[in-house]
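The structure appears below as structure tokens.
The values are calculated or read from the model by the stated rules, or taken from the named source; none is laboratory data. Please read all numbers here as calculations on a predicted model, not as lab measurements. Cβ coordinates were reconstructed from backbone atoms using ideal geometry, including for glycine residues, and neighbour counts include every protein chain displayed.
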Amino acid sequence: MAVGLSGGRDSVALLHALAQLRDEFRFDLSALHVHHGLNPGADRWAEFCARLCDSLAVPFRCTRVVVDRAGGQGVEAAARIARYAAYAALDVDWIALAHHRGDQAETVLHNLLRGAGLRGLSGMPGERAIAPAGRPRLVRPLLGVPRALIEDYVREQALEWVEDQSNLDDGYTRNWLRKEILPALARKFPAAESALTRTAALAAEAEALLDALARADFAAAAPAGRLRLDAVRRLDPPRARNLLRLVLREAGVAMPDAARLAELQRQLGEIGRDTRFEFDFGCVELRCHAGELHVIEREAGRGAAWDGDLRVPWAGEPHLEWPGGQVLFESAIGCGFSADRVSGRACHLAARRGGESIQPDPRRPRRSLKHWYQELGVPPWERAARPILWCGDAVVWVPGIGVDVGFACEPGQPGCLPKWMPVE
């Protein structure tokens, strides 16, 4: 287990308490301090954390991160993203953070005022995965503990800590809520903090039920892994929006506001089977083809950084790089394209130009690439970016369709079998 150690009172208390328990419960304990480089006292904080860990015989690591100030999400959010990325890179089973009941109450109130919805009202989870592989997992063991108990603990144990002066700046919303609003609420409603954290627990339970419903709806509406628009349209509007939220969340999209989500739902409800549709969420695009919703990462979508006129010469290399993957060329006998028929001729990979045709089977007529792509259900945006092997101005091979009969290898002859290997 590693403790996320800022050097503040709460994380110092958590590290000290866990250090007293590690022998009894037999777990390894370490600490990570994330150096954001945002505060003039950051080096002093890191030094304090190192001394504290040395006094407790706890292995210590300090990781410096670069905070993206130009990302548009604000310095606090950008620092949190960088910090959690550092946590996720640790080779441990658990990351323990020192958020307490007061922090949870602030989070719920803050999200309520932002109109963040049920997921926002759920506040901070007591435990969750922070890496795709599910390890490490983040845990907040003090989430139900009042701030006053932590203050009593550090006083009784005579612990020292560092004070981040930015916590006193009312210009930060959370500081203002903590210093002004929550005390005012407590004067009128003494149990306000407990009520807010109880609300978070109830909201988290309701959110889990909605998530389970969305996953059941997805399984029914996306038998091939992509949402079928007709199935989405049969759902009641709130249930359809719940399903769309799941799709966006799984794609890593920051949840849009209610108006933008409603606009997406409206457009999906009106487009026809062959209507051109694109909905941009920055990191991904949503597109529709053959009545299904496709979620496309930006690198593979309209903003892909590749030149449509790209030509990659092939002179017998075992593989060639192509945007989005690579083409492998495997030696074969009696299959693929004939080595003799391309020998001494200029071959290259390039995208389609329009109007090409291919005959992969002598028993079937020559057809246009458009015909073959439609028959195979290849979406239009994928057709333009797929590599095609050319010999001069003639099409030799198209991924997913095959080798043209004019270049096909005869039985027993040496050939070459190309394979398109897209990046997953």
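Evaluate the following for G269: is it surrounded by 11 or more Cβ atoms within 10 Å (Cβ to Cβ) and either out of contact with any strand residue (DSSP E or B) (no Cβ under 9 Å at 6 or more places or on another chain) or part of a helix (DSSP H, G or I) (or both)? Against the criterion (surrounded by 11 or more Cβ atoms within 10 Å (Cβ to Cβ) and either out of contact with any strand residue (DSSP E or B) (no Cβ under 9 Å at 6 or more places or on another chain) or part of a helix (DSSP H, G or I) (or both)), G269 qualifies. On the given criteria, is V145 in contact with a Lys or Arg (Cβ under 7 Å, 6 or more places away or on another chain), in contact (Cβ under 8 Å) with a residue 60 or more places away in the chain and on the phi < 0 side of the Ramachandran plot? Judged against the criteria, V145 is not a match.
Report, by residue number, each residue of region 190-209 that is exposed (fewer than 15 other Cβ atoms within 10 Å of the Cβ) and either among the polar types (S, T, N, Q) or touching a helix residue (DSSP H, G or I) at 6+ places or on another chain (Cβ under 7 Å) (or both). Within region 190-209, S194, A206 qualify.
Every test in (1) surrounded by fewer than 20 Cβ atoms within 10 Å (Cβ to Cβ); (2) within 24 Å of E317 (Cα to Cα) is passed by P387 save one, and that test is (1). Applying the criterion of at least 2 residues that are of a type outside the set (G, A, S) and at pLDDT 95 or above to the strands (runs of 3 or more DSSP E) found wholly in region 1-72 leaves 30-35, 60-64. Name every residue in region 223-258 that is at pLDDT 90 or above and among the small types (G, A, S), in order of residue number. Correct list: A231, A240. G282 meets the conditions (1) assigned to a helix (DSSP H, G or I); (2) in contact (Cβ under 8 Å) with a residue 12 or more places away in the chain in every case but one. The failed one is (1). Screening A133, A148 for residues that are at pLDDT 90 or above, out of contact with any Ser or Thr (no Cβ under 9 Å at 6 or more places or on another chain), loosely packed, with under 14 Cβ neighbours inside 10 Å and of a type in the set (A, V, I, L, M) leaves exactly one candidate, A148.
Can you tell me how many residues within region 52-79 are more than 33 Å from the chain's Cα centre (by Cα) and surrounded by 13 or more Cβ atoms within 10 Å (Cβ to Cβ)?
Selection size over region 52-79: 3.
Does E76 fit the bill of being assigned to a helix (DSSP H, G or I), touching a residue at least 24 places away in the same chain (Cβ under 8 Å) and farther than 17 Å from E160 by Cβ? Taking the combined requirement at face value, the residue satisfies it. All of (1) under 21 Å from N111 (Cα atoms); (2) loosely packed, with under 15 Cβ neighbours inside 10 Å hold for V253 with one exception: (2).
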